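The values are calculated or read from the model by the stated rules, or taken from the named source; none is laboratory data. Because the structure is a prediction, the values reported are computed rather than measured. Because the Cβ atoms are built from the backbone with ideal geometry, glycine has one as well, and the counts that use them run over all protein chains shown. Just the protein is used for accessible areas: all its heavy atoms, side chains included, with ligands, DNA and RNA removed. Shrake-Rupley method; radii C 1.70, N 1.55, O 1.52, S 1.80 Å.
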Amino acid sequence: MAAILGFGGYVPERIVTNDDWATRLDTSDEWITQRAGIKRRRFAAEDQATLDLALEASRKALADAGLEPADLDEIVLATDTPEYLTPDTAALVQHSLGCRNIPTYDLGGSGCAGFIQALDVAASRVATGVRHILVIGVEVITRLISLEDRTTAVLFGDGAGAVVLGHGPGRAEVLGAVSGTDGSAAGILTLAAGGTRNPFNERTLANGDFNRLVMDGKKVFTEAVKRMSEASMQVLEKVGRSLSEVKLVIPHQANRRIIDAVAHRLGIAEDRVYVNVHEYGNIGSATVPFALWEAVGAGRVGAGDLVVLTAFGAGFHWGAAALQF
Ligand code: ACO
């Protein structure tokens, strides 16, 4: 069975508060706090891009696992905001870390559910005999979306999280994972331009599509609550465990009200749900691995604990994983 051997996380130093946003957009600390529960978020420095954040988290995960880059056999990286459209950011991580010529791949476009999908795929690769896989979730969202659109800009931040997956016992066994997709919802949360349907060009620059994040917030909200609650229960059923045994649920951090609604629907108390959205906002596919790293470091989970990870994102994609520490 696949096990997590090490955890890593990183956020850039620059803090942007709600009051900072209020000086540049028609918004307020009150609105953002009330609607999303976010107080501040981190922005990548001008000289930082996706690779830099991924490397910081990856090096911590490798050190935590007591492994060297040369010990890695595969890298899978989940992001919607890659360093380049091609090649994949995972290839750049491989070279920058100083790995052997191991296979790497990006899992792109799965939105905030990307890390759970990557973990699911990587766990099955470990089951086929691959020894050590670096699994990364990373986003520099603030670089690619419009910072003039108050309905989306204030929700996001930049960051990275990583784990090294291998053969157990390790620190936490991946007991199982579930994933799902509803492609009919693709248009509800999408970057308007940049692909072959609507490439970056003079037209998309002129009409503002080039950095427009199209989002039906209410639809996303409702589906996120439903899918994360259901996926959490499904993964527990799959691995033959019950919710009463779970020490901590680590949900995707998009909005405090979504997290509270998931907890309510699951019928679990606040102290059994991990929350850091007030500090970092929504860091996309990095929220779950970053929160996991933070929760382990803070002693919120440790040996003997059962933990459920769950996420939801563009696609729509969703998933959950059960970890036995
Ligand atoms: N500051 C002030 N006013 C704002 C802002 C802002 N930043 N943004 C929107 N408003 C206004 C709207 O224009 C609207 O004004 P109107 O009534 O005059 O038209 C009003 O506030 C209310 O807007 P609603 O959309 O009704 O607010 P709602 O309560 O639905 O909250 C929110 C919006 C926070 C986006 C919520 O729907 C949400 O969080 N949805 C989930 C979206 C999400 O998490 N997306 C991230 C990517 S996907 C994921 O990670 C799961």
Report summary line: V130 passes all but one of the listed conditions (1) within 20 Å of D106 (Cα to Cα); (2) surrounded by fewer than 17 Cβ atoms within 10 Å (Cβ to Cβ); (3) among the β-branched types (V, I, T); the exception is number (2)
Report summary line: Turns out the helices (runs of 4 or more DSSP H) fully within the range 218-325 with at least 3 residues that are open to solvent by 10 Å² or more (accessible area, probe 1.4 Å) and either of a type in the set (K, R) or more than 16 Å from the ligand (Cβ to nearest atom) (or both) are 256-266, 287-297
Query - Of all residues making up the range 31-84, the number that are more than 14 Å from P12 (Cβ to Cβ), of a type in the set (D, E, K, R) and within 16 Å of the ligand (Cβ to nearest atom) - result: 3
Requested in this report: Among residues belonging to the range 175-191 that are open to solvent by less than 30 Å² (accessible area, probe 1.4 Å) and more than 17 Å from the chain's Cα centre (by Cα), point out the one that is modelled with the lowest pLDDT.
Outcome: A185
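Quick one: would you say E139 is open to solvent by 10 Å² or more (accessible area, probe 1.4 Å) and of a type outside the set (V, I, T)? Write out each step before concluding.
Working: open to solvent by 10 Å² or more (accessible area, probe 1.4 Å): no; of a type outside the set (V, I, T): yes.
No: the conditions fail for E139.
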Report task. Among the numbered conditions (1) over 20 Å from I116 (Cβ atoms); (2) surrounded by fewer than 21 Cβ atoms within 10 Å (Cβ to Cβ); (3) within 16 Å of the ligand (Cβ to nearest atom), tell me where V154 comes up short. Result -> (2)
Report task. Give the residues of the range 270-305 that are more than 13 Å from G161 (Cα to Cα) and in contact with a Pro (Cβ under 9 Å, 6 or more places away or on another chain), sorted by residue number. Result -> V273, Y274, V275
